[in-house]
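Report on the following structure.
The values are calculated or read from the model by the stated rules, or taken from the named source; none is laboratory data. On a predicted model such as this, the values are computed, not experimentally measured, just so you know. With ideal geometry, Cβ positions are generated from the backbone for all residues, glycine too; neighbour counts draw on all protein chains shown.
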Ligand SMILES: C[S@@+](CC[C@H](N)C(=O)[O-])C[C@H]1O[C@@H](n2cnc3c(N)ncnc32)[C@H](O)[C@@H]1O
């Protein structure tokens, strides 16, 4: 067993991440509700339904007469969210779930026959259960297929990217998405290894990274950054966030609110830049001058929340 066996992103332990009865604890719920202000009768779009934690809190607040549209790329999480919402038997509220990428949010609204929404939220990244389960192959703590697709519609798995991309493309992914200092060294080792044996399991990749990246006792597993970067590449996470942000002006009503929670500095930067651009153009009011972060109590209760950054806006432009 590796000394890293039970250490996840940011050095959290498996025990700490296992606690939620729903497989995932929604982060910064009070702050989300404060800025999203879902009210009776409103239409709210949850771009990342996950295990339904935020969706449920929103749904309760738009009764009576409200509509919640909730999307997720992972059909299993979506099913879970549906069951959880159904179990509440909320009356006088429409809840519609869609297996869709938030980059397709405009199409979802058209399909739902809704022109614009009163509020939208996106809680980016992956849920704790997705990291812990062996289905997606996101974790180096188990030896499973190197897949990493959140959405089964995606054609290329992580193992396909490692088989097809050249050394520079792999190094760029590691550098750009995870600021990996040893990006070139890891990329070279991948290319050398695949010349004799295909890299198709999480265990193979983790061992390969550990063999070329120096580590010190107590530091996070050196494979952490490689796994995060590859996941972002497989799911094109920066591209789809860019597409979602581009569509915001077509999604929100006058006075509509949007809340974004990011766990990655690159994603937070994209959100910050979009908000600043719209504010400069007089299209929105930015409600969070600095990104909000979870408080100490939440970080203690849910260590995964530690890197969350929340930004919010109110749309000021007429449709
Ligand atoms: C951090 S979790 C959201 C948790 C959720 N707020 C809750 O309370 O349970 C992120 C979710 O977004 C989904 N997701 C990631 N990228 C997505 C995308 N581009 N479009 C739609 N869903 C996405 C993931 O599959 C995951 O279920």
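Report yes if residue 158 is touching a residue at least 40 places away in the same chain (Cβ under 8 Å), under 18 Å from the mean Cα position of the chain (by Cα) and within 15 Å of the ligand (Cβ to nearest atom), otherwise no.
On the way: touching a residue at least 40 places away in the same chain (Cβ under 8 Å): yes; under 18 Å from the mean Cα position of the chain (by Cα): yes; within 15 Å of the ligand (Cβ to nearest atom): no.
Here the answer is no, as residue 158 does not meet what is asked.
Against the condition touching a residue at least 60 places away in the same chain (Cβ under 8 Å), part of a helix (DSSP H, G or I) and within 12 Å of the ligand (Cβ to nearest atom), how does residue 84 come out, does it pass?
When the stated conditions are applied, residue 84 passes them.
Condition first: near the ligand (Cβ under 9 Å from one of its atoms) and assigned to a helix (DSSP H, G or I). Now tell me which residues in the range 37-75 satisfy that.
Across the range 37-75, the qualifying residues are 53, 54, 55, 56, 57.
How about the range 117-129: which of its residues are within 19 Å of the chain's Cα centre (by Cα) and crowded, with 22+ Cβ neighbours inside 10 Å? Even if it seems obvious, please write down each step before you answer.
Start the filter on the range 117-129 by keeping residues that are within 19 Å of the chain's Cα centre (by Cα), which leaves 119-129.
Result: 119, 120, 121, 122, 123, 124, 125, 126, 127, 128.
Please indicate, with yes or no, whether at least one residue in the range 122-145 is away from the ligand (no atom under 12 Å from the Cβ) and assigned to a strand (DSSP E or B).
Going residue by residue through the range 122-145, those that are away from the ligand (no atom under 12 Å from the Cβ) are 132, 134, 137, 139-145.
Cutting the leftovers down to assigned to a strand (DSSP E or B) gives us 145.
Taking every residue of the range 122-145 in turn, at least one turns out to be away from the ligand (no atom under 12 Å from the Cβ) and assigned to a strand (DSSP E or B).
What's the number of the condition residue 244 fails, among (1) within 13 Å of the ligand (Cβ to nearest atom); (2) outside any helix (DSSP H, G or I)?
All conditions pass for residue 244, except number (2).
Could you identify the single residue in 314, 306 that is within 16 Å of the ligand (Cβ to nearest atom) and crowded, with 17+ Cβ neighbours inside 10 Å? Give the derivation first.
Values: 314 fails: within 16 Å of the ligand (Cβ to nearest atom).
Answer to the check: 306.
Among the residues of the range 263-270, are any under 25 Å from the mean Cα position of the chain (by Cα), in a loop (DSSP other than H, G, I, E, B) and at pLDDT 95 or above? Let's see the steps before the verdict.
Start the filter on the range 263-270 by keeping residues that are under 25 Å from the mean Cα position of the chain (by Cα), which leaves 263-270.
Cutting the leftovers down to in a loop (DSSP other than H, G, I, E, B) gives us 263-264.
Adding the requirement that they be at pLDDT 95 or above leaves 263-264.
Taking every residue of the range 263-270 in turn, at least one turns out to be under 25 Å from the mean Cα position of the chain (by Cα), in a loop (DSSP other than H, G, I, E, B) and at pLDDT 95 or above.
Please enumerate the residues belonging to the range 176-187 that are touching a residue at least 24 places away in the same chain (Cβ under 8 Å) and surrounded by fewer than 19 Cβ atoms within 10 Å (Cβ to Cβ).
The first filter runs over the range 176-187 and keeps only residues touching a residue at least 24 places away in the same chain (Cβ under 8 Å), leaving 176-180, 182, 185-186.
176, 179, 185 - these are the residues of the range 176-187 that are touching a residue at least 24 places away in the same chain (Cβ under 8 Å) and surrounded by fewer than 19 Cβ atoms within 10 Å (Cβ to Cβ).
When residue 93 is evaluated against the numbered criteria (1) over 29 Å from residue 304 (Cα atoms); (2) within 16 Å of the ligand (Cβ to nearest atom), which criterion, by number, is the only one it fails?
For residue 93, the exception is condition (2).
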